[in-house]
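The values are calculated or read from the model by the stated rules, or taken from the named source; none is laboratory data. Since we're looking at a predicted model, the values are computed, not measured. Here the Cβ is made from the backbone with ideal geometry for all residues, glycine too, and neighbour counts use every protein chain on show.
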């Protein structure tokens, strides 16, 4: 696992645009909606639409470079764990993209004072869940290099969208935060398992 973490962080930091491009996209979308001044809908827009587009863009090249270079095929042939590979990719995005995005969203939009911790956790869970689901689409479209992501994940994310709206628009944390956690656990386990199987098939 340490080897995968070292590689992913090294590759990510080697190309600065991997960090500033997603943050810039998120910031621009966020500011557009602030300028449009949608009032109470702003929280929903900032927490989902901006995040949705940003994570979608990040996921487009999640596995493409590793597939093109033969790294994925090599890992599979050598029997190395793809779970640690996916965990390393998630960790990089969590620390270098998702946490800064959450801080940025809080800095500009703010959360309700008495629910700051819960909303920050919800924000990170939301971004992480989107990451896992978009990775599924990215794995499927890895060879063909097309945008099947949205078609694949949108039906699966309909309950998720409702949860996000309940949490960030209506500030209805209970029981929606528990449901969001369940969605995250589902995506971190079952969806990642599906991604691993798809990567094995795609790399043959």
Among the residues of region 80-96, is there at least one that is at pLDDT 85 or above, assigned to a loop (DSSP other than H, G, I, E, B) and buried (at least 18 other Cβ atoms within 10 Å of the Cβ)? no
Within region 167-177, is even one residue touching a helix residue (DSSP H, G or I) at 6+ places or on another chain (Cβ under 8 Å), within 24 Å of residue 57 (Cβ to Cβ) and either modelled with pLDDT of 85 or more or outside any loop (DSSP other than H, G, I, E, B) (or both)? yes
Matching option when the condition is surrounded by 16 or more Cβ atoms within 10 Å (Cβ to Cβ), part of a helix (DSSP H, G or I), out of contact with any helix residue (DSSP H, G or I) (no Cβ under 6 Å at 6 or more places or on another chain) and touching a residue at least 12 places away in the same chain (Cβ under 8 Å), among 104, 132: 104
For region 151-170, the count of residues that are surrounded by fewer than 16 Cβ atoms within 10 Å (Cβ to Cβ) and either under 25 Å from residue 80 (Cβ atoms) or touching a residue at least 24 places away in the same chain (Cβ under 8 Å) (or both) equals 2
